[in-house]
Amino acid sequence: MRLFVSGGAGFIGSNFVRRMLAKHDDVEIVCFDKLTYAGNLDNLKPVEDHPRYRFVRGDICDAAAVHEAVRGVDAIVNFAAETHVDRSIAEPETFLYTDIIGTHTLLEAVREQGIGRMVQVSTDEVYGSIDTGSFCETDRLSPSSPYSASKAGGDLQALAYHTTYGAPVMITRGSNTYGPYQYPEKLIPLFVTNALEGKQLPLYGDGMNVRDWLHVDDHCDGIEAVLMNGEPGEVYNVGGGNERTNREITSIILDELDLSESVITWVEDRPGHDRRYSISCAKLRGIGWDTIVDFEQGLRATIRWYRDNEPWWHKIKHGEGEFARWQKRWYDDRS
Ligand code: NAD
Ligand code: DAU
């Protein structure tokens, strides 16, 4: 199977590329990525010379580049997106381009080139917050942030292309994902690397917002199950079943690194901050998927990965890149 993986240099996409090449002898991958601040070829170093892997730098909003790169592939898996909620609050415009127009560009390529399957990788955030119970795939979309609204726009384009043109597209809606190689602007890698550097851990609001944590391997296996066995036009939730408050996540990090609570700084809440995410994953289990990673073991192993791979994150946080500008802008704007 020849796969076109867009956004494959990011956190989940690079895990998917490495994992699919390791699991299958008959999978060839074209990894297509713009290499924004979040795209990182270091994430793909383990496979850069692999005979069944090729990297193409390009933008999913660039129709000519997409049409050229997808020629001859059997399927598209689209991870490419602007993904950080805080950035979407401060700088929303690029989210609309990549997450909506970029998705549209890929759908057009599927339609015009008759590509056999496409998986649009989406998020549980499109449903919005839920106080009790869990969302299933037919629940209405109620996104709160410019990020989740843009992702919902991509989802609706995908479903419309299936209804109108019969495009063979499926959607996955994953929950909060953790694991190695996650850009250190997100809660877990930010807190772990700050703790390792002797810095404060900035908890938003009262720290009681709940996220459902999913190991990146389990997320990738869910996407693979949908790619292989999903029904075109259908949506599949992918959740870890590990609902924890941010306060609880912080406690595990402090415990693993043997630090006290004095490193927590309580900061102003994120505007529009969703209180709780929860999704039902019965539909995905029905096509042969389940989680395999125990949450506490997976989180502690992830913390140790950041401790043992300091050069990977040090280059991002203290190199030429975007990290320092972003952190300054986010906290300056709100002070
Ligand atoms: P990430 O920010 O780590 O990586 C995004 C990748 O997309 C980067 O490599 C970036 O260079 C690339 N990219 C961005 N704009 C592009 C463009 N216009 N053209 C081509 N490439 C572009 O993201 P992630 O956390 O790995 O998330 C991957 C996907 O999974 C996203 O669609 C996201 O919405 C979804 N998702 C993420 C999570 C999570 O917790 N991280 C959970 C559920 C769903
Ligand atoms: O639910 C899936 C989504 O999970 C994905 O679609 C997004 O791409 C991904 O970024 C993630 O969104 P969140 O907003 O939930 O992730 P983030 O890591 O930014 O924040 C997790 C929680 O931690 C959230 O309640 C906000 C809080 N937080 C975050 C940061 C960065 C803090 O308290 N302090 C922080 O500094």
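Need one word for region 197-335: rounded, prolate or oblate. Basis is the Cα gyration tensor (sqrt eigenvalues a ≥ b ≥ c); a/c below 1.5 gives rounded, then a/b vs b/c decides. Since a/c reaches 1.5 and a/b is larger than b/c, the shape of region 197-335 is classed as prolate. Placing a label point 7 Å from the Cα of GLU112 along the Cα-to-Cβ direction, the residues of region 59-85 whose backbone N falls under 13 Å of that point are 61-71.
Computed from phi, the 3J(HN,Hα) profile of region 259-273 under the Karplus parametrisation 6.51, -1.76, 1.60 (θ = phi - 60°) reads 10, 9, 5, 5, 7, 7, 10, 7, 10, 3, 5, 5, x, x, 5 Hz, with x in place of Gly and Pro. Does region 42-197 come out rounded, prolate or oblate by the C-alpha gyration tensor, with a ≥ b ≥ c the root eigenvalues, rounded set by a/c under 1.5 and, if not, prolate when a/b is larger than b/c and oblate if not? Cα axes put region 42-197 in the oblate bin.
Once you put a point 7 Å from the Cα of ARG54 and another 7 Å from the Cα of CYS136, both along the Cβ direction, what distance in nm separates them? My value for the distance between the label points is 4.4 nm. What residues of region 223-255 lie in the reach of a label at GLU296, counting those whose backbone N is under 16 Å from a point 7 Å from the Cα along Cα→Cβ? The answer is 242-245, 248-255.
In this structure the chain gives 41 Å² per residue of accessible area when probed at 1.4 Å with all protein chains present. About its Cα centre, the dipole of region 229-335 is roughly 240 debye, where the only charges are +1 on Lys and Arg Cβ and -1 on Asp and Glu Cβ. Cα centroids of region 143-173 and region 1-57: 23 Å apart.
The Cα atoms of region 210-291 cover 50, 31, 16 Å along the three principal axes, with the biggest extent listed first. Taking the 1.4 Å solvent-accessible surface of region 77-177 as the whole, the part contributed by carbon and sulfur is 52%. Relative contact order for the chain using alpha-carbon pairs under 8 Å, separation at least 6, rounded to a whole percent? Once normalised by length, the contact order is 17 percent. Counted residue by residue at 0.36 nm each, then reduced by the alpha carbon distance between them, the extension gain from ASP255 to ASP74 reaches 60.5 nm. Of LYS151/LYS315; LYS34/LYS328; LYS34/LYS186; LYS199/LYS317, which sit over 22 Å apart, Cα to Cα? Violating the 22 Å limit, Cα to Cα: LYS151/LYS315; LYS34/LYS328. Each 10 Å bin from 0 upward holds the following percent of the Cα-Cα pairs of the chain: 6, 27, 37, 24, 7, 0. If both residues of a DSSP beta bridge must be in the chain, then about 10% of such bridges are antiparallel. For the chain, the dipole from Cβ point charges (+1 on Lys and Arg, -1 on Asp and Glu) about the Cα centre works out to 300 debye, to the nearest 20. Distance between the pseudo-spin-label points of LYS23 and SER262 (7 Å out from Cα toward the beta carbon): 4.6 nm.
The calculated FRET efficiency for the pair TYR165 and ILE287, based on their C-beta separation and a Förster distance of 30 Å, comes to about 0.80. Once you've got the GNM for the chain with C-alpha springs shorter than 10 Å, pick whichever of ASP26, ASP155, ASP221 has the biggest mean-square fluctuation. Fluctuation is largest for ASP26. Think of the chain as having a plus end and a minus end, set by charges on the Cβ of Lys, Arg, Asp and Glu; of ILE60, ALA301, ILE253, ILE60 sits farthest toward the positive end of this dipole.
Applying 1/(1 + (r/R0)^6) with r as the Cβ-Cβ distance of HIS273 and LYS328 and R0 = 22 angstrom yields a FRET efficiency of 0.55. Taking the Cα centre of region 130-244 as reference, the dipole from Cβ charges on Lys and Arg (+1) and Asp and Glu (-1) amounts to some 360 debye. For the chain, the mean residue ellipticity at 222 nm estimated from helices alone is -12000 deg cm²/dmol, where every DSSP H run of n ≥ 4 contributes -39500 (n - 2.57) and the total is divided by all residues, rounded to the nearest 500. Scaled against 2.2 N^0.38 Å for its residue count N, the alpha carbon radius of gyration of region 115-174 is 1.17. Region 112-140 and region 248-287 have their alpha-carbon centroids 21 Å apart.
How high is the relative contact order of region 1-119? Use alpha-carbon pairs under 8 Å, at least six apart in sequence, and give a whole percent. It rounds to 29 percent for region 1-119.
The values are calculated or read from the model by the stated rules, or taken from the named source; none is laboratory data. Predicted, not measured: the structure shown is a model, and the values here were computed from it. Ideal geometry is used to build each Cβ from the backbone, glycine not excepted, and the neighbour counts take in all protein chains shown. Just so you know, the surface numbers come from the protein's heavy atoms only, side chains and all, with ligands and any DNA or RNA stripped out. Shrake-Rupley method; radii C 1.70, N 1.55, O 1.52, S 1.80 Å.
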